[in-house]
1. Within the range 54-78, can you find the residues that are hydrophobic (A, V, I, L, M, F, W, C), buried (at least 18 other Cβ atoms within 10 Å of the Cβ) and in contact with a strand residue (DSSP E or B) (Cβ under 9 Å, 6 or more places away or on another chain)?
2. Could you list, in sequence order, the residues of the range 9-55 that are within 20 Å of ILE80 (Cα to Cα) and not in a strand (DSSP E or B)?
3. Restricting to the range 37-91, give me the number of residues that are of a type in the set (D, E, K, R) and over 30 Å from PRO3 (Cβ atoms).
4. May I ask you to list the residues in the range 70-121 that are touching a Gly at 6+ places or on another chain (Cβ under 8 Å) and in a helix (DSSP H, G or I)?
5. Got a number for residues in the range 11-38 being basic (Lys, Arg) and over 18 Å from LEU205 (Cβ atoms)?
6. Between SER182, SER145, SER194, SER90, which is in contact with a strand residue (DSSP E or B) (Cβ under 6 Å, 6 or more places away or on another chain), exposed (fewer than 15 other Cβ atoms within 10 Å of the Cβ) and not hydrophobic (A, V, I, L, M, F, W, C)?
7. Can you confirm whether VAL97 is among the hydrophobic types (A, V, I, L, M, F, W, C), modelled with pLDDT of 95 or more and either touching a strand residue (DSSP E or B) at 6+ places or on another chain (Cβ under 7 Å) or more than 25 Å from VAL200 (Cα to Cα) (or both)?
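The values are calculated or read from the model by the stated rules, or taken from the named source; none is laboratory data. Quick caveat, the model's predicted, so the values are computed rather than measured. All Cβ positions, even for glycine, are placed from backbone atoms using ideal geometry, and neighbour counts span all protein chains on display.
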Amino acid sequence: MEPAAKDISWERPILYVKIDLDAGRFLHLLNVHLKSKRPTSVDGQKINNYTWRTMAGWAEGSFISAMKRVGQALEMRVLIDDIFDKLDVSGEPKYIVACGDFNADVNDVPLQAIMGPVEETGNTGLINRVMIPCEQSVPETSRYSLLHLGKKEMLDHILATRQMLTYYRGAEIHNEVLHDESGAFRTDDKFPESDHAPIVAEFVLP
């Protein structure tokens with residue numbers, strides 16, 4: 001364990017673009033890549049890149065990674081709320097979409113923090129600020145973007161505002177040829193493609 005407290009920081013800043021659609025309408029598009037579930041290195045706790053010295057060291061690394069994911073999620077939710085505040089003043093449509101590799105399932109804390117479901121906040125006055133995952137319209141049997149040790153996981157998402165969802169037409173998850181790269185000896189030279197499936201969502205604005 002660390003003998004003294006250290007600052008926790010992360011890389012992969014949020015990418016935010018404001019796209020001019022026309023007639024005073026803008027799409028606010030955010031892209032994020034949250035910290036993976038892979039444990040963060042802890043000084044003196046690893047024998048090599050793949051082997052931990054102790055279970056406690058591995059657990060501490062996992063805890064640090066979880067803190068980073070939740071911290072990044074909070075950072076994104078604060079930015080989304082800031083955009084909502086500005087749109088409330090300007091009167092512009094609430095066209096906000098957040099997408100990327102969240103390294104979290106829809107029920108995990110980081111994604112729940114970004115979505116802000118009313119069931120969790122208990123505040124129906126915030127209902128129009130909820131971010132909704134588009135993949136919910138995809139059949140559950142096909143709703144996965146990663147294979148890990150044979151388990152299907154949905155870690156990549158496209159989240160949209162309720163107003164944006166008015167123009168939502170559907171989503172696709174292209175996992176037809178997705179490989180499980182988590183097994184032994186499955187190196188990048190054998191599986192050079194991404195181990196995450198691409199997700200496509202269609203919106204038709206008037």
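1. Result: ALA73, MET76.
2. If we filter the range 9-55 for residues that are within 20 Å of ILE80 (Cα to Cα), which is where we start, we get 10-21, 24-35.
Within the range 9-55, TRP10, GLU11, ARG12, PRO13, ILE14, GLY24, LEU34, LYS35 qualify.
3. So the first thing to find is which residues in the range 37-91 are of a type in the set (D, E, K, R), and the list is 37-38, 43, 46, 53, 60, 68-69, 75, 77, 81-82, 85-86, 88.
Checking the rest, the ones that are also over 30 Å from PRO3 (Cβ atoms) come to 77, 81-82, 85-86, 88.
Final tally of qualifying residues: 6.
4. Of all residues in the range 70-121, those touching a Gly at 6+ places or on another chain (Cβ under 8 Å) come to 77, 92.
Scanning the range 70-121 gives a single hit, ARG77.
5. Let us first name the residues in the range 11-38 that are basic (Lys, Arg), namely 12, 18, 25, 35, 37-38.
If we keep only those that are over 18 Å from LEU205 (Cβ atoms) too, we end up with 12, 35, 37-38.
Within the range 11-38, residues that are basic (Lys, Arg) and over 18 Å from LEU205 (Cβ atoms) number 4.
6. On the way: SER145 fails: exposed (fewer than 15 other Cβ atoms within 10 Å of the Cβ); SER194 fails: in contact with a strand residue (DSSP E or B) (Cβ under 6 Å, 6 or more places away or on another chain); SER90 fails: in contact with a strand residue (DSSP E or B) (Cβ under 6 Å, 6 or more places away or on another chain).
Just a single option satisfies the conditions, and that option is SER182.
7. On the way: among the hydrophobic types (A, V, I, L, M, F, W, C): yes; modelled with pLDDT of 95 or more: yes; either touching a strand residue (DSSP E or B) at 6+ places or on another chain (Cβ under 7 Å) or more than 25 Å from VAL200 (Cα to Cα) (or both): yes.
Judged against the criteria, VAL97 is a match.
Yes/no matrix, rows are residues, columns are (1) among the small types (Gly, Ala, Ser); (2) modelled with pLDDT of 90 or more; (3) surrounded by 15 or more Cβ atoms within 10 Å (Cβ to Cβ); (4) farther than 15 Å from LEU79 by Cα:
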residue	(1), (2), (3), (4)
ILE14	no, yes, yes, no
LEU21	no, yes, no, yes
LEU29	no, yes, yes, no
VAL32	no, yes, yes, no
LYS35	no, yes, yes, yes
ASP43	no, no, no, yes
TRP52	no, yes, yes, yes
